Protein chains: 2
Amino acid sequence: MLPRSLHDLPTPAVVVEADRLEANLRAMAALCARHGVRLRPHVKTHKCVPLARRQIELGAVGLSAAKVSEARVFTDAGLDDVLVAYPLRGDKVAALRALDATVSTLVDDEAGVDALAAGWAGAARPLGVAVKVDVGLGRVGVPWDRPERVLALARRIEAAQSLRFWGLVTHAGQAYRAPDAEAVAAVGRHEGDAMAQVAQHLRGAGQRVPCVSVGSTPTARFAVARPGVDELRPGVYVFHDAQQVALGAATWADCALTVLTTVVSRGDDRRAICDAGSKTFSSDRGAHGTDRVPFGVLPDVPGLGLVGLSEEHGWLRAEAADAPQPGERLRIVPAHACAVVNLARHLWIVQGERVVDRWPVAASGQVC
Amino acid sequence: MLPRSLHDLPTPAVVVEADRLEANLRAMAALCARHGVRLRPHVKTHKCVPLARRQIELGAVGLSAAKVSEARVFTDAGLDDVLVAYPLRGDKVAALRALDATVSTLVDDEAGVDALAAGWAGAARPLGVAVKVDVGLGRVGVPWDRPERVLALARRIEAAQSLRFWGLVTHAGQAYRAPDAEAVAAVGRHEGDAMAQVAQHLRGAGQRVPCVSVGSTPTARFAVARPGVDELRPGVYVFHDAQQVALGAATWADCALTVLTTVVSRGDDRRAICDAGSKTFSSDRGAHGTDRVPFGVLPDVPGLGLVGLSEEHGWLRAEAADAPQPGERLRIVPAHACAVVNLARHLWIVQGERVVDRWPVAASGQVC
């Protein structure tokens, strides 16, 4: 049986406001619909089957996942058309094949194509394989200014009997390093345009490009409007977080996920300690190792900051002489929602103060 | 059935070398025995029942835990005498009482004493309650230079019929901020001496002090030698990590825990990407929010560094032109072992390349 009220939840707890979540889901679905772009949300943010179902109900064409074990949670639950947006090696190819669903994946080198071709040999249906393009993050992918290498990989995929060329995929994660909202917008425009340019190169050489897929929450509204973009793969938009607010991608009122925590000690008028530390918030202060924002923010309590974390302690600092008292409960917007969810076993879904559901984080803490 | 060899493990995997673990366990047990000090290791590092059993076999008097839900994993498994070294509020007191074992806890203010006294009323046996003393971390606890406040709390505990005064507890976590090994040693000496001084104040006022308990891995060998210290509560010593090496508390040869990861992409001669990111390593670069060390270190691969993390990607940078190739497997010593274990569902135990066991991380990712 569910606790009735937010006030009854044991802390620390990860709490999701149902109405804000629904509004975020609808806003992204509407953005994509307005531009005629498909939405394939990334489940790494939420790892929750009910949330993925709602994304599909609202028009998402399928899901993106970061690893096979994460994808399996959703395909085992009957969800279909999952892009494992990660270069798979070794036993991961067999693990992907073992999923009972339509799946696809990506590569960024020849050996990757060959491993997938061998691993998929004899399958009833060919595996969709995208080429990952790097538009500036500097992580995985063929650099966007080397379209001839992208073309060579696409042709190698097409030449493999067990594979079919799925299209082009990128993630402009460098937006998380952008100094301000205008720079984020520029990254988003570049993301769309660079990918369209690579696709044009392939098409000019006679290579069909079924899909140009881009995606990140901060760049979504800029990239979606660029000609030639077919699909968006954002993740964090479902909850938003302090980082997305800092990047201009959300307001505090959009932040659907908070950590509910209890003050357990008060060192002095300025210092209090709460029961959520790095094992609840993670130590993330931004995606991709950035440190743009504090570990957490209390938008409703001006002058109070979460300034440090031990494993099970949060360090609260009050600017004025009003640190909260032991026993007080606070709700804190984390820096990076994906990392918080990954540490939780379940999310508490609330409407106002009423607890309406509890969703298991189906793949939390699943290293492999 | 277990995979036979390290080479058969799916990656990313958290791997523990059994022989190094055993040596670390024995070394700390011997250190304590040599000084006639009791050992009450902190389970927050490993969260593994078999490992706690081995600690007890080697002479530990009991266990320390950071929260009731963590303690429950061990008391449910039949382990006894657990100190929940955390100021408990609200429903946590009832949760503690529900444990089927001898437990104890701590306070740092009057309201904490009163909450425990009320929550333990009518129990068959009194609850052991320590006073937390702050020797410089600036987190939880009565400052060590306010011994009259410690005495007042001890007397309040003694005055409550359902409680008994357990002793004094501290954690000199400020050692993690010490600039060098000599400064760590100074923190350790201060930890022991400050606590002995507080105990002396209480005894001078006629208050019995059953136990003076200190503890952290970096300060252990310094604090253990100070007169008046009765008990040590280190955690990380079982595995050690890059941070402990930087603090002078361990050598690379002592590091029993590594992340096994596969290279999945190679951007250029200098850059490679592996399949372990912040959802495996955490974003910790030190305890208590410090950032002393990189996210991970490859002691056996000179010139190769783990320089960044996305959620499922590790960024490897080669100083010379020799970045590893896709498919290569690497073992990386993390910055902070506790955070890595907390993200894993199980630990793979190896002897050389042979996999000998798999231990569930019984309380991984358990926010509450």
Looking only at strands (runs of 3 or more DSSP E) that lie completely in the stretch A:271-368, which have at least 1 residues being within 20 Å of the chain's Cα centre (by Cα) and surrounded by fewer than 22 Cβ atoms within 10 Å (Cβ to Cβ)?
A:346-351, A:354-360
Identify all residues within the stretch B:19-47 that are within 24 Å of residue A:277 (Cα to Cα) and in contact with a Pro (Cβ under 7 Å, 6 or more places away or on another chain); write none if there are none.
B:41, B:42
Where a residue in the stretch B:247-261 is in contact (Cβ under 8 Å) with a residue 12 or more places away in the chain and more than 16 Å from residue B:295 (Cβ to Cβ) and its partner, wherever it lies, is part of a strand (DSSP E or B) and not β-branched (Val, Ile, Thr), with Cβ under 6 Å and at least six apart:
B:256/B:17
Could you tell me whether residue A:29 is touching a residue at least 12 places away in the same chain (Cβ under 8 Å) and not in a strand (DSSP E or B)?
yes
Being out of contact with any strand residue (DSSP E or B) (no Cβ under 7 Å at 6 or more places or on another chain), more than 9 Å from chain B (Cβ to nearest Cβ), hydroxyl-bearing (Ser, Thr, Tyr) and closer than 30 Å to residue B:337 by Cα, is that true of even one residue in the stretch A:273-287?
no
Just the residues that are free of Cβ contacts under 8 Å to residues at least 60 places away in the same chain and of a type in the set (Gly, Ala, Ser), please, taken from the stretch B:196-239.
B:196, B:199, B:204, B:205, B:206, B:216, B:223, B:228
Going by the structure shown, is residue A:42 closer than 24 Å to residue A:219 by Cβ and within 14 Å of chain B (Cβ to nearest Cβ)?
yes
Tell me which residues, restricted to the stretch B:303-322, are within 13 Å of chain A (Cβ to nearest Cβ) and aliphatic (A, V, I, L, M).
B:306, B:307, B:309, B:316
Scan the stretch A:34-61 residue by residue and report those that are without any contact (Cβ under 8 Å) to a residue 60 or more places away in the chain and assigned to a loop (DSSP other than H, G, I, E, B).
A:36, A:58, A:59, A:60
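Condition check ((1) part of a strand (DSSP E or B); (2) buried (at least 19 other Cβ atoms within 10 Å of the Cβ); (3) of a type outside the set (A, V, I, L, M)) across all residues:
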site: B:175; (1), (2), (3): no, yes, no
site: B:179; (1), (2), (3): no, no, yes
site: B:182; (1), (2), (3): no, no, yes
site: B:213; (1), (2), (3): yes, yes, yes
site: B:221; (1), (2), (3): no, yes, yes
site: B:240; (1), (2), (3): no, yes, yes
site: B:245; (1), (2), (3): no, yes, no
site: B:253; (1), (2), (3): no, no, no
site: B:260; (1), (2), (3): yes, yes, no
What residue, among those in the stretch B:161-173 that are free of Cβ contacts under 8 Å to residues at least 60 places away in the same chain and surrounded by 20 or more Cβ atoms within 10 Å (Cβ to Cβ), is nearest to residue B:117 (Cα to Cα)?
B:163
Return a yes/no flag: does the stretch B:106-118 have any residue that is buried (at least 21 other Cβ atoms within 10 Å of the Cβ), farther than 21 Å from residue B:151 by Cβ and of a type outside the set (Asp, Glu).
no
Of the residues A:149, A:156, only one is in a helix (DSSP H, G or I) and free of Cβ contacts under 8 Å to residues at least 40 places away in the same chain; which?
A:149
Residue A:20 fails exactly one of (1) touching a helix residue (DSSP H, G or I) at 6+ places or on another chain (Cβ under 9 Å); (2) in contact (Cβ under 8 Å) with a residue 24 or more places away in the chain; (3) within 21 Å of residue A:280 (Cβ to Cβ); (4) not in a helix (DSSP H, G or I), namely (4)
Selection status of residue B:224, touching a Leu at 6+ places or on another chain (Cβ under 6 Å) and either at pLDDT 95 or above or within 14 Å of another protein chain (Cβ to nearest Cβ) (or both):
yes
Could you say whether any residue in the stretch A:124-140 is part of a helix (DSSP H, G or I), crowded, with 23+ Cβ neighbours inside 10 Å and away from chain B (no Cβ under 12 Å)?
no
Look through A:343, A:347, A:330 and report the one residue that is within 30 Å of residue A:42 (Cβ to Cβ) and at the interface with chain B (Cβ under 9 Å from one of its Cβ atoms).
A:343
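Can you find, within the stretch A:159-181, the residue that is nearest to the other protein chains (Cβ to nearest Cβ) among those that are out of contact with any strand residue (DSSP E or B) (no Cβ under 6 Å at 6 or more places or on another chain) and hydroxyl-bearing (Ser, Thr, Tyr)?
The qualifying residue nearest to the other protein chains (Cβ to nearest Cβ) is A:176.
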Check on residue B:155, over 26 Å from the mean Cα position of the chain (by Cα) and within 13 Å of chain A (Cβ to nearest Cβ):
no
Residues in the stretch A:88-105 that are surrounded by fewer than 22 Cβ atoms within 10 Å (Cβ to Cβ) and within 14 Å of chain B (Cβ to nearest Cβ) total 7
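The values are calculated or read from the model by the stated rules, or taken from the named source; none is laboratory data. For clarity, every value in this text was computed on a predicted model and none was experimentally measured. Note: ideal-geometry Cβ built from the backbone for every residue, glycine included; neighbour counts use all protein chains shown.
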